[in-house]
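Asker: Before I ask anything, here is the structure I am working with.
The values are calculated or read from the model by the stated rules, or taken from the named source; none is laboratory data. Not measured: the values here are computed from a predicted model. All Cβ positions, glycine included, derive from the backbone under ideal geometry; neighbour counts span all protein chains shown. Note: accessible area is taken over every heavy atom of the protein model, side chains too, but ligands, DNA and RNA are not part of it. Shrake-Rupley method; radii C 1.70, N 1.55, O 1.52, S 1.80 Å.
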Amino acid sequence: MTELVMEKIKTQPRLTPEEGIALFEVFDLLKLGRLADECRRKFHPPRCDIGGQAEPVVTYTVDRNINYTNICISGCRFCAFYRSPGHPEAYLISKKELFDKIQEMVVAGGTHILLQGGLHPDLKLDFYEELLGAVKKRFQIHIHGFSPPEIVHFSRLNNRPVRSIIERLQKAGLDTIPGGGAEILSDSFRQRVSPGKCTSEEWLDVM
């Protein structure tokens, strides 16, 4: 089967999930990376001339993941990060701490932050709007923040539709939303490992 999959990679048809699993089981990570790069070069051929030789253009961003709080009521069984409200290790970072972290990133050449935390039971929408506005007023950066479970949590906590939550956060300074909190989009599984998180349908609705 591996030979057939390799032939498909050369001729560019889309692989089936079973074929992807077959590759994963046969090749190590570096080999998979080389295969993926070969495919990328076919879809996005070299288009710049460096020293007389065409080279592919590959871009990336420098960013920083900032967890603004570890207080969470989701209770995911696999999570070692969260702390319950009142726990001695629970935290909510101050604006100064947040600004210091962003400034360190900017000095290092960063342009994006990934802003994520837990499902805090007490922080209402105005807290996040004020936080986003304060960051945008001080820094010219892209804010990639608040995973779908957080957005659904904000919706429930503020008794507002998801669309309204997203619109208000965008107006305050949110640029994009990460796809965190998906884990496995099977509700029977999610109920066992992530009982406090949004359902599969709610996750997809946010995205």
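Asker: Tell me the mean residue ellipticity at 222 nm calculated for the chain from its helices only (DSSP H runs of n ≥ 4, each -39500 (n - 2.57), averaged over every residue, nearest 500).
Answerer: Result for the chain, helices only: -14500 deg cm²/dmol.
Asker: At a 1.4 Å probe radius, carbon and sulfur cover how many percent of the accessible area of the chain?
Answerer: Of all accessible area on the chain, carbon and sulfur atoms account for 54 percent.
Asker: Rounded, prolate or oblate: which one fits the chain, using the alpha carbon gyration tensor with axes a ≥ b ≥ c (rounded when a/c is under 1.5, else prolate when a/b beats b/c, else oblate)?
Answerer: It comes out oblate by the Cα gyration axes.
Asker: With a ≥ b ≥ c taken as the square roots of the eigenvalues of the C-alpha gyration tensor of region 98-177, please select rounded if a/c is under 1.5 and otherwise prolate if a/b is larger than b/c or oblate if it is not?
Answerer: Values: a/c = 2.16, a/b = 1.98, b/c = 1.09.
Prolate.
Asker: If you don't mind, another one. How high is the relative contact order of region 51-207? Use alpha-carbon pairs under 8 Å, at least six apart in sequence, and give a whole percent.
Answerer: 25
Asker: So, one more: Using a simple spin-label model with points 7 Å from Cα along the Cα→Cβ vector, what separation in nm is obtained for Ala22 and Ile93?
Answerer: If labels sit at Ala22 and Ile93, their model points lie 4.6 nm apart.
Asker: Next question. So if each residue of separation counts as 0.36 nm, and I subtract the Cα-Cα distance between Arg192 and Asp175, what length gain in nm does that give?
Answerer: 2.9 nm
Asker: Sticking with this structure for a sec: In nanometres, what is the gap between the two model label sites at Leu35 and Gln140, each 7 Å from Cα along Cα-to-Cβ?
Answerer: Inter-label distance under the simple model: 4.4 nm.
Asker: Here's another thing I want to ask about it. Taking only Cα atoms, what is the 0 to 90° angle, nearest 10, from helix 2-11's long axis to the longest principal axis of the chain?
Answerer: Taking Cα atoms only, the helix is inclined about 90 degrees.
Asker: Something else: Under a crude label model (7 Å from the Cα following the beta-carbon direction), how far is Asn158 from Asn65 in nanometres?
Answerer: Result for the modelled spin labels: 2.5 nm.
Asker: Around Gly180, under 12 Å between beta carbons, what's the net of Lys plus Arg minus Asp minus Glu among the other residues? Intermediate values should be presented prior to the final figure.
Answerer: Values: positive: Lys197; negative: Glu150, Glu183.
Taking every other residue near Gly180 into account, the sum is -1.
Asker: Another question, if that's okay. At most 13 other Cβ atoms within 10 Å plus a DSSP loop assignment makes a site exposed; report the longest stretch of the chain without any exposed chymotrypsin sites (Phe, Trp or Tyr not before Pro). Numbers along the way, then the final one.
Answerer: Numbers: sites that count: Tyr60, Phe78, Phe81.
For chymotrypsin sites (Phe, Trp or Tyr not before Pro) (loop position, at most 13 other Cβ atoms within 10 Å), the longest site-free span of the chain is 82-207.
Asker: Now a separate question. May I ask which of Lys31/Lys197; Lys96/Lys124; Lys42/Lys101 have a Cα-Cα span longer than 29 Å here?
Answerer: The pairs that break the limit, which is 29 Å between Cα atoms, are Lys31/Lys197; Lys42/Lys101.
Asker: Which angle between 0 and 90 degrees, to the nearest 10, do you get for helix 148-158 versus the longest principal axis of the chain when only C-alpha atoms count?
Answerer: Once rounded, one gets 20 degrees.
Asker: Relative to the longest principal Cα axis of the chain, at what angle does helix 125-138 sit, 0 to 90 degrees, rounded to 10?
Answerer: In the chain, helix 125-138 runs at an angle near 60 degrees to the longest axis.
Asker: Accessible area per residue, 1.4 Å probe, Å², for the chain: what's the number?
Answerer: 62
Asker: Using a 10 angstrom Cβ neighbour count of at most 15 plus a DSSP loop assignment to flag exposed trypsin sites (Lys or Arg not before Pro), which longest range of the chain is free of such sites?
Answerer: After excluding every exposed loop site, the longest remaining stretch is 125-207.
Asker: Using protein chains only and a probe of 1.4 angstrom, how many square angstrom of His44 are accessible, to the nearest 10?
Answerer: 110
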